[in-house]
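The next block holds one structure in the form of structure tokens; read it before the comments.
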Amino acid sequence: MTLYLVRHGRTTWNEENRIQGSRNPDLSLSGCKEARRLARRLKKEKISLIYASDRLRSRKTAQIIQKTLHVPLLYERGLREIDLGVWEGKTPDEVNRTFRNGYQKWLKAPSRVRIPGAESVTRFRKRVLQTFRRLLQKAPEGNIVVVSHGGVLSTFLASLLKGSEDAFL
């Protein structure tokens, strides 16, 4: 099996430098173009299945890819990005002003930062790794695409590389 890990396309909030987390911003026009370019590139890889986070930005990226590849697409809630509570929708500068340089602290050691209403880094890592284990156990032979989020994919890769809980950024 070959696993293709894909971060969703650029979103409207990426363009505004807003923290997305579990929120549901849409793909931007450039994000749709990115997904179409990737779909053309993946066409020669003989993909057999696409898994995607159920958040709008990942769903749309996966749907664009699926239109080109004509393979099954399954949505997985466990592939959602970490919930960043009250930080979601804010810019890093707004978070730093309101939460005493909280965003800067998050970049250095996310597991040490407590965000009101957020999912803990430990819980997030556990959810992501359980989801990948389950998906890979039931996946068919062949090439699989996983469309998700930066934090999810980084957490999975950090785990494979035996990185710490804070190695996902």
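Ala158 - would you say it is at pLDDT below 95, among the hydrophobic types (A, V, I, L, M, F, W, C) and touching a strand residue (DSSP E or B) at 6+ places or on another chain (Cβ under 7 Å)?
Numbers: at pLDDT below 95: yes; among the hydrophobic types (A, V, I, L, M, F, W, C): yes; touching a strand residue (DSSP E or B) at 6+ places or on another chain (Cβ under 7 Å): no.
Here the answer is no, as Ala158 does not meet what is asked.
I'd like to check something: does the range 116-137 contain any residue that is more than 30 Å from Lys46 (Cβ to Cβ) and of a type in the set (Phe, Trp, Tyr)?
Within the range 116-137 (the criterion being more than 30 Å from Lys46 (Cβ to Cβ) and of a type in the set (Phe, Trp, Tyr)), the answer is yes, since at least one residue qualifies.
Can you tell me which residues in the range 90-147 are among the acidic types (Asp, Glu) and surrounded by 15 or more Cβ atoms within 10 Å (Cβ to Cβ)?
Let us first name the residues in the range 90-147 that are among the acidic types (Asp, Glu), namely 93-94, 119, 141.
Passing the criteria: Glu94, Glu119.
Would you point out which residue out of Lys60, Lys67, Lys33, Lys46 is among the basic types (Lys, Arg) and on the phi > 0 side of the Ramachandran plot? So that I can check it myself, show each step before the final result.
On the way: Lys60 fails: on the phi > 0 side of the Ramachandran plot; Lys67 fails: on the phi > 0 side of the Ramachandran plot; Lys33 fails: on the phi > 0 side of the Ramachandran plot.
Unique residue meeting the criteria: Lys46.
Out of the residues in the range 148-159 that are open to solvent by less than 10 Å² (accessible area, probe 1.4 Å) and of a type in the set (Ser, Thr, Tyr), state the one that is nearest to Gly89 (Cα to Cα).
Ser148
Among the residues of the range 136-163, which ones are assigned to a loop (DSSP other than H, G, I, E, B) and either in contact (Cβ under 8 Å) with a residue 40 or more places away in the chain or touching a helix residue (DSSP H, G or I) at 6+ places or on another chain (Cβ under 6 Å) (or both)?
Keep residues of the range 136-163 that are assigned to a loop (DSSP other than H, G, I, E, B), which gives 139-142, 149, 161-163.
Selection gives Ala139, Pro140, Glu141, Gly142, His149.
Does Gly117 satisfy the condition of being in contact with a helix residue (DSSP H, G or I) (Cβ under 9 Å, 6 or more places away or on another chain) and either within 14 Å of Ser22 (Cβ to Cβ) or modelled with pLDDT of 95 or more (or both)?
Considered against the rule, which asks whether it is in contact with a helix residue (DSSP H, G or I) (Cβ under 9 Å, 6 or more places away or on another chain) and either within 14 Å of Ser22 (Cβ to Cβ) or modelled with pLDDT of 95 or more (or both), Gly117 comes out as yes.
The values are calculated or read from the model by the stated rules, or taken from the named source; none is laboratory data. Here the structure is a predicted model, which is why all the values come from computation and not from measurement. We place every Cβ from the backbone using ideal geometry, glycine too, and count neighbours over all the protein chains shown. The accessibility values were calculated without ligands, DNA or RNA, using every heavy atom of the protein model including side chains. Shrake-Rupley method; radii C 1.70, N 1.55, O 1.52, S 1.80 Å.
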